[in-house]
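Shown next, in structure tokens, is the structure this report addresses.
The values are calculated or read from the model by the stated rules, or taken from the named source; none is laboratory data. Keep in mind that what you see is a predicted model, and the values were worked out from it rather than measured. We place every Cβ from the backbone using ideal geometry, glycine too, and count neighbours over all the protein chains shown.
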Amino acid sequence: MPANLTPEYIKADKWFRSATTNEEKILALEQMLRVIPKHKGTDHMRADLRKKLSRLKDVGAQQKKGGKHVDIFHVPSGGSGQVVLIGTPNCGKSSIVGALTKAKVHIADFPFATGAPAPGMAKHEDVPIELVDMPPITADYSAPGQVGAYRNCDLIAIVIDLSDDVVEQMSVCLDYLESRSLLAGGETPARDEQGNALGKKAFCICTKSDIAQPGALGMVKELCDYPFEFVEVSVETGAGVAELMRKIFDLLEIIRVYAKPPGKLADMTDPFTLPIGSTVMDLAQTIHRQLADNLKSARIWGVGVHDGQNTQRTHVLNDKDIVELHFS
């Protein structure tokens, strides 16, 4: 009986064959089992997939018992969100991170100058946001384990050099991300063991706008079937750099809130950042989880309220609100 394999299964199979780490192979096999057609023609294939999955999980368990493995591509999240860059050689990733942060990036005119993640802290106004430069990818090569950095970030930035072959660059980046189920969306998104979708939100940074090929930006947009946001920048001239940080802040879907101790001035230098839609109670739990249960009332200066207005725990906060919490 024919298996009649679906495009989703074929995509997951490609992901498994390209995986370079045990963890990625396990995720790919789980996705294959999730999307494979379930009928007599696939009974043998499903049994084989389950055996492979069991063996890989056993290997993973043994590796954990055998000692710690240092993963250079595990970059602890910092700031109010982590943005990891992806692009082909000499697309301008390192220049962006170097211009916006104090990271020790290696900017060079030859390919593969970056060999390991290089994180640095940038700022949108008073909000710290971590940018991570990464080794470049090509159609034939990506660093083993590199996928882990994209798997664990908050936002993926696809970097395209507008002065070079944008078709080739976008094709390489999308193929890498799609084949590993790294992009949010799709009819059958890959999920982890807890059922959480693995795909991340992504957007596109179009570099070297000062020397761009005519019509390059429009061509990049036409190549995408995803609702990406596009930001055109030039590190050389500074054009678009401020807009880039504003766009990243918006895409992270966070707000900043300033805490005001009762009877004192608000601290306007170090805001708390929370997901959009967060409430007064969410802020209280962020400040002190144990004290939050004793939250009695709150006063707010900001959007949609009178200055110093008393609000409920369930009041939804807005960006740049000032909040004074009162505990019993």
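A single entry from Leu325, Leu317 fulfils the requirement of being at pLDDT below 95 and surrounded by 19 or more Cβ atoms within 10 Å (Cβ to Cβ): Leu325. Based on this model, can you work out whether Ala190 counts as closer than 30 Å to Pro37 by Cα, in contact with a Lys or Arg (Cβ under 6 Å, 6 or more places away or on another chain) and either free of Cβ contacts under 8 Å to residues at least 60 places away in the same chain or surrounded by 21 or more Cβ atoms within 10 Å (Cβ to Cβ) (or both)? Criteria not met by Ala190. Per this entry, Met170 is counted among residues that are part of a helix (DSSP H, G or I) and at pLDDT 95 or above.
Only a single item in (1) modelled with pLDDT of 95 or more; (2) surrounded by fewer than 22 Cβ atoms within 10 Å (Cβ to Cβ); (3) touching a Gly at 6+ places or on another chain (Cβ under 8 Å) is not met by Thr138, and it is number (3). Taken together, Arg46, Arg55, Arg17, Arg34 contain a single residue that is at pLDDT 90 or above and either surrounded by fewer than 19 Cβ atoms within 10 Å (Cβ to Cβ) or not β-branched (Val, Ile, Thr) (or both), which is Arg46. Would a scan of the stretch 177-184 turn up a residue that is part of a helix (DSSP H, G or I) and of a type outside the set (A, V, I, L, M, F, W, C)? Checked the stretch 177-184: at least one residue is part of a helix (DSSP H, G or I) and of a type outside the set (A, V, I, L, M, F, W, C).
Restricting Ala157, Ala139, Ala149, Ala122 to those that are in a loop (DSSP other than H, G, I, E, B) and of a type in the set (A, V, I, L, M, F, W, C) reduces the list to Ala139. Looking only at residues of the stretch 220-244 that are assigned to a helix (DSSP H, G or I) and at pLDDT 95 or above, we find that the one that is surrounded by the most Cβ atoms within 10 Å (Cβ to Cβ) is Leu244.
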